[in-house]
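Report on the structure given below.
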């Protein structure tokens, strides 16, 4: 018996040792003498040189880090099988919600493994034809087309945006729809812009030409709105709106459906905006409808002399109002859909009706009203899920929208609001049986007693014994609402008796602006506490255990993951901080980071500095705790959350942590914050992440034959 026990112990020890790879020879990262002082507090920044992500020294460091990471991943015996299964799962046709212009429909479609979706045009009763195929614009699939495009009123031209290598910088081109050929028109240095067609050209937003070497990290200042007339060089485009006194503000433009009014949105952060309106048929100046940046305003369109506006002005859960353009005083605003218990997330006009998308406990409800605000009926949804991409207009009763859930791939519905009838317009077919899985919603208690919702997805009949590999995801910021959604790469978890959990923690918009404010600035610790409480719920309810719990989050969610593994590393086996904001003292000094000060606060304020310094992932790495296995994810062309955040963070973690778990960084080249990433790259990245996670949880995935 004793010999048998020793044999089992020996086998386990060999397996455990192979799974942890306790000794990794990390690249040596140079340290420099850099000491900053904030309100009497001295802070070291020994890896400041990594902020220069274009230097040869940083480039060599990236190569060295990637070599260690990819060498480690190559040793995982089932990594290739996971990649093969992911390739099978991704190989199904997807479609975007169609946009109707005149008698033609425009929509994106991907046959499955295409790197980028292709834009199609389809006239009534005719076969769809390819209008723009971004896959032909690069050999490696790293040129992507933005979903923000505009069709001229006569249907002759399309103005469209492309980005290269995942950057937020866009270029605008114009294509003759009939001939399929591009005009000579080209606009550069476009960022955070839509395209609003007007007569023989369009309105758009751009920054000044950037200095060489600072394109991906330099601070973005002096945003302006221009008008581009076809056939005129972009350098001669007319400035329509600017404010030289406030270089750190952004502007975007939109035009009413009849091209009578121009709307300008002015922002200085990621929430709240001013709204200006101009009658394009007169020589009148812009009229400012709002003052300050405390509320959000979005014009749906113009109906007669009225603007229909979605806003949270004196309505934290949003409402729909009518503003007569002849009496713009705020006292004359009329509520069309007053605020109610559920959050009014989105509205769309369809003929003489309003499609209202409400959130009820982070789930979607679709309701239809007439233009006066009288309730008509609900649009029934198939199962618990969410709706997005509602495309409609005041000129038609026809509506397209996208429905999805955790196990249901995005399905396009076509609806006639006049007759209250709908049908499935496009339904994807993939190699996955959704009927084998179940989704439930639970409410766990936060540290301060507040109830927080969480979705949990797993196979039906799954045994809750604490041994299930579990993936917990959250975001917790910027008023973003996480609704049930479909991600192909997550199916790997579900197929392997895994659990997927989505926590709707504070900082998001699931319960309106008050829920958002409860997780910003000096309240940011609520976000981390909610996430930790979600983790403890999953463990206490026997869904999983600390040895089987993987966590991930991106951008603001990457900050979340970095903070919680500093505060409670004992709860987790694996962590993926992806494209995260990790240096909370210097984030506002790069690209668009200044716009996040309203969300986080600033190290230039003494009280806010103390709060930021207390949770900043980079500044709270400890050398006396056992971290979970960590793989940081970033990209060399991320010009939103610059990769220096992740570079300095992993360099510090590798310096201070001397435990048995790997702490690595995966740096994708020719990629950005996430948008436009080629399908092939997404598959590779997912294969690496899930292989790393299973390997460090001691799990061997099951594969389909």
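The values are calculated or read from the model by the stated rules, or taken from the named source; none is laboratory data. The structure displayed is predicted, hence computed values, not measured ones. Using ideal geometry, Cβ is built from the backbone for each residue, glycine included, and neighbour counts are taken over all protein chains shown.
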* Asked: Which residues, counting only those in the stretch 424-443, are more than 25 Å from the chain's Cα centre (by Cα) and over 22 Å from residue 402 (Cα atoms)?
  -> 436
* Output the residues belonging to the stretch 169-185 that are under 12 Å from residue 206 (Cβ atoms) and in contact (Cβ under 8 Å) with a residue 24 or more places away in the chain. => 169, 170, 172
* What is the residue count in the stretch 64-96 for residues that are surrounded by 14 or more Cβ atoms within 10 Å (Cβ to Cβ) and in a loop (DSSP other than H, G, I, E, B)? -> 6
* Scan of the stretch 271-290 for residues that are surrounded by fewer than 17 Cβ atoms within 10 Å (Cβ to Cβ) and outside any loop (DSSP other than H, G, I, E, B), ordered by number -> 279, 287, 288
* Taking the options 411, 311, 407, 364, name whichever one is crowded, with 21+ Cβ neighbours inside 10 Å, touching a residue at least 12 places away in the same chain (Cβ under 8 Å) and farther than 30 Å from residue 270 by Cβ. => 407
* Asked: Taking the stretch 46-63, which residues are in contact with a helix residue (DSSP H, G or I) (Cβ under 9 Å, 6 or more places away or on another chain) and surrounded by fewer than 19 Cβ atoms within 10 Å (Cβ to Cβ)?
  -> 46, 48, 52, 55, 57, 58
* Asked: Can you tell which of 147, 188, 121 is modelled with pLDDT under 95 and within 30 Å of residue 227 (Cβ to Cβ)?
  -> 147
* Hey, among the residues in the stretch 201-231 that are in contact (Cβ under 8 Å) with a residue 40 or more places away in the chain and within 16 Å of residue 172 (Cα to Cα), which one's surrounded by the fewest Cβ atoms within 10 Å (Cβ to Cβ)? -> 231
* Filter the stretch 487-529 down to the residues that are in a helix (DSSP H, G or I) and in contact with a strand residue (DSSP E or B) (Cβ under 7 Å, 6 or more places away or on another chain), then identify the one that is nearest to residue 682 (Cα to Cα). => 490
* Asked: Would you call residue 112 at positive phi and either surrounded by fewer than 18 Cβ atoms within 10 Å (Cβ to Cβ) or assigned to a helix (DSSP H, G or I) (or both)?
  -> yes
* Structure fact -> Selection over the stretch 99-117 where residues are out of contact with any strand residue (DSSP E or B) (no Cβ under 6 Å at 6 or more places or on another chain) and either modelled with pLDDT of 95 or more or outside the structural domain of residue 179 (by TED's automatic domain parsing) (or both) yields a count of 5
* Out of 205, 167, report the one residue that is part of a loop (DSSP other than H, G, I, E, B) and within 30 Å of residue 248 (Cα to Cα). => 167
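Per-residue answers, yes or no, for (1) touching a helix residue (DSSP H, G or I) at 6+ places or on another chain (Cβ under 7 Å); (2) assigned to a loop (DSSP other than H, G, I, E, B):
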position: 661; (1), (2): yes, yes
position: 664; (1), (2): yes, no
position: 673; (1), (2): no, yes
position: 681; (1), (2): no, no
position: 689; (1), (2): no, no
position: 696; (1), (2): yes, no
position: 699; (1), (2): no, yes
